[in-house]
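What follows draws every value from the coordinates through simple rules; no lab data is involved. Model, not experiment: these values are computed from the prediction. Positions of Cβ are backbone-derived with ideal geometry, glycine not excepted, and every protein chain shown enters the neighbour counts.
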Amino acid sequence: MKTAVSIIVNDRRCETEVPTTMLLVDFLREVAGSKGTVVGCDTGQCGCCTVHVDGDAVKSCTMLTAQADGASILTIEGLASADGMHPMQRAFHEHHALQCGYCTAGIVMNAVDIVTKHHELDERTIRRLIEGNLCRCTGYSNIVDAILEAAREAKRGA
Amino acid sequence: MMYEFAYVRPASLEDAVRALRMHSEAKPLAGGMSLLSAMKLRLAAPTHLVDLGRLDGLAGIAGNNQAITIGAMTRHADVAASPIVREAIPALAVLAGDIGDRQVRHRGTLGGSVANADPAACYPAAVLGLAGTIITDRRHIGSDDFFRGLYETALETDEIVAAVEFTRPARAGYMKFPHPASRFALVGVFVAEFGAGNVRVAVTGAGPRVFREARLEAALAKEFTPTVASAVAVSAEGLNSDRAASAEYRAHLVSVMAARAVAWALAPTSQS
């Protein structure tokens with residue numbers, strides 16, 4: 001069974017028919033070609049598939065493509081600008097906030113949303129807000145440092 | 001991979017009810033945080049999903065001096081951030097802000113949680129503890145009559161939760177001991193005092209469904225203090241026993257969480 005959708009992915013509109021069972025993450029990877037969004041656990045635990053749907057970080061493996069009809073989606077591919085990396089990407093780079101890199105796109109997408117919405121961030125708060133993202137390599141310390149740095153930079157720029 | 005299903009997007013609550021009535025194996029889809037996960041594991045196989053996501057009238061928060069009413073499709077993140085909820089029932093805002101993780105809170109809804117009646121979900125404890133009323137497309141159901149058993153409620157198969165009304169307490173608190181892996185409540189306790197001698201205590205996670213703890217209610221009605229709560233010996237009879245916790249440990253946690261919830265109610269902070 002199919003359903004028609006019109007979804008904006010990183011400023012590009014995508015109008016097509018998809019199977020009703022198609023998850024948003026599979027649409028992003030297979031239809032929109034945004035392979036930076038990856039599937040980790042496929043059970044809503046790990047957060048590797050985190051993208052922004054109408055400005056909110058969500059897990060795209062636990063959302064139907066049909067539910068995103070009419071929505072605007074931002075994936076990791078849409079973060080960088082012509083001037084280079086997004087400040088969050090730069091902070092992850094500078095703080096070595098990744099090892100194998102599989103969870104990174106999801107964590108960066110959640111982190112960007114966190115810094116946009118929370119203006120008073122400390123280590124404890126960040127650790128609580130990234131509970132929905134699992135990283136099996138880093139032990140999180142450098143990730144937290146990177147987000148703190150990006151938050152400070154956002155504040156200076158504001 | 002999920003089993004095949006037809007996707008239906010009704011334009012009104014009436015249309016949604018009609019779609020459910022037409023197909024006996026249809027299910028309403030709210031945020032999908034539990035239902036879609038269950039479908040992916042093939043634990044649920046509805047023939048039709050009736051998506052309530054576009055029924056804007058089902059989302060929103062309104063309050064007066066006696067109660068606040070929250071639309072069924074209101075997301076956890078919106079309840080947590082609502083100035084109305086934070087002012088009237090801060091414990092409810094903190095509870096909503098601590099469900100799952102923030103990505104889940106951007107999708108999960110009050111109505112979905114209440115209709116699903118997961119035995120370890122947080123919202124049912126607030127609904128029962130705050131003497132809530134479940135407002136459906138056709139009737140009002142008191143929280144004491146709503147939660148019937150494991151994932152079982154008083155809802156008819158074609159009935160949809162439209163909103164939940166929460167009674168404003170004098171003070172309230174919620175504390176949970178999260179499961180180390182799932183972060184669901186191993187035990188969660190919601191306490192609410194509605195004036196001298198009127199206390200409700202609702203427990204989630206500990207048994208097959210959310211329930212009121214009469215001994216804690218009676219003791220706290222006399223004196224609303226953490227010391228009184230921790231002195232109450234809760235019976236382990238009928239409580240869950242699994243790898244994470246025995247029934248006896250859960251019984252112990254009920255009075256510990258109740259004491260912490262009372263302490264929070266007496267001196268609320270922005271975090272749990």
| Can you list the HN-Hα couplings for region B:158-173, worked out from phi with the Karplus curve (6.51, -1.76, 1.60; θ = phi - 60°), rounded to whole Hz and with x for Gly and Pro? | 9, 9, 10, 6, 9, 6, 10, 9, 10, 6, 6, x, 5, 7, 7, x
| Most exposed first by the Cβ proxy, i.e. fewest other Cβ within 10 Å, how do A:Glu17, B:Glu159 rank? | A:Glu17, B:Glu159
| field | Computed magnitude of the charge dipole of the protein assembly as shown (debye, nearest 20; Cβ of K, R +1, Cβ of D, E -1) | value | 540 debye
| said: Within a 10 angstrom radius of the beta carbon, how do A:Ile130, A:Ile143 rank from fewest other beta carbons to most? | reply: A:Ile130, A:Ile143
| query | Taking only Cα atoms, what is the 0 to 90° angle, nearest 10, from helix B:13-22's long axis to the longest principal axis of chain B? | reply | 70 degrees
| remark: Cross-link reach from A:Lys117 to lysines, straight Cα distance under 18 Å and at least 8 residues apart if same chain, gives A:Lys59, A:Lys155
| Peptide B:184-190: average number of partner chain Cβ atoms within 10 Å per residue? | 0
| message | How would B:Met22, A:Met88, A:Met22 line up from fewest to most surrounding beta-carbon atoms within 10 angstrom? | response | B:Met22, A:Met22, A:Met88
| field | Cβ-based charge dipole, chain B, positive-most Cα from B:Gly207, B:Met39, B:Ala91 | value | B:Ala91
| request: Mind checking region A:51-158 for GluC sites (Glu not before Pro) that DSSP puts in a loop (not H, G, I, E or B) and that have at most 11 other Cβ atoms within 10 Å? | output: A:Glu120
| said: Cut-off 10 angstrom, C-alpha nodes, Gaussian network model of chain B. Which of B:Leu58, B:Leu128, B:Leu43 fluctuates the most? | reply: B:Leu43
| Taking θ as phi - 60°, what are the ³J(HN,Hα) couplings along region B:221-230 by the Karplus curve (6.51, -1.76, 1.60), each to the nearest whole Hz, with x for Gly and Pro? | 5, 6, 8, 8, 9, x, 4, 4, 5, 6
| request: Write out the chymotrypsin sites (Phe, Trp or Tyr not before Pro) in region B:1-73 meeting two conditions: DSSP loop, and at most 14 other Cβ atoms within 10 Å of their Cβ. | output: B:Tyr3
| query | Any idea what the dipole of region B:67-197 comes to, in debye rounded to 20, about its Cα centre with Lys/Arg Cβ at +1 and Asp/Glu Cβ at -1? | reply | 460 debye
| message | Under the rule that an exposed site lies in a DSSP loop and has at most 14 other Cβ atoms within 10 Å, name the longest stretch of chain A with no trypsin sites (Lys or Arg not before Pro) of that kind, not counting the sites themselves. | response | A:36-135
| message | If each DSSP helix of 4+ residues adds -39,500 (n - 2.57) and the sum is divided by the residues in chain A, what number results at 222 nm, nearest 500 deg cm²/dmol? | response | -9000 deg cm²/dmol
| note | Taking a ≥ b ≥ c as the square roots of the eigenvalues of the Cα gyration tensor, with a/c under 1.5 meaning rounded and otherwise prolate when a/b exceeds b/c and oblate if not, region B:134-272 is oblate
| said: Taking the Cα centroid of region B:1-63 and of region A:119-158, what is the distance between the two, rounded to the nearest whole Å? | reply: 35 Å
| request: May I ask which residue of B:Ile134, B:His23, B:Val104 lies farthest towards the positive end of the charge dipole of region B:23-162, with charges of +1 (Lys, Arg) and -1 (Asp, Glu) on Cβ and the Cα centre as origin? | output: B:Val104
| task | Quick one: net charge around B:Lys222, please, counting Lys, Arg +1 and Asp, Glu -1 for every other residue with C-beta under 12 Å from its C-beta. | result | -2
| said: Can you tell me how the protein assembly as shown classifies by the Cα gyration tensor, rounded, prolate or oblate, using a/c under 1.5 as the rounded cut? | reply: oblate
| note | Per the rule of 0.36 nm per residue minus the C-alpha distance, extending B:Ala214 to B:Asp15 adds in nm 67.5 nm
| note | For the protein assembly as shown, percent of DSSP beta bridges that are antiparallel (nearest 5) comes out at 85 percent
| message | Can you classify region A:87-157 as rounded, prolate or oblate using the Cα gyration tensor, where a ≥ b ≥ c are the square roots of its eigenvalues, rounded means a/c under 1.5, and otherwise it's prolate if a/b beats b/c and oblate if not? | response | prolate
| remark: Taking 0.36 nm per residue of separation between A:Glu15 and A:His96 and subtracting their Cα-Cα distance, the length gained on full extension comes to 25.3 nm
| note | About its Cα centre, region B:171-266 carries a charge dipole, from +1 on Lys and Arg Cβ atoms and -1 on Asp and Glu Cβ atoms, whose size in debye to the nearest 20 is 240 debye
| message | For chain B, what does the helix formula give at 222 nm: sum of -39500 (n - 2.57) over DSSP H segments with n ≥ 4, over the residue count, nearest 500 deg cm²/dmol? | response | -9000 deg cm²/dmol
| request: Along Cα→Cβ, 7 Å out, is where each label goes; now give me the distance between the ones at B:Asp56 and B:Ala6 in nm to one decimal. | output: 2.8 nm
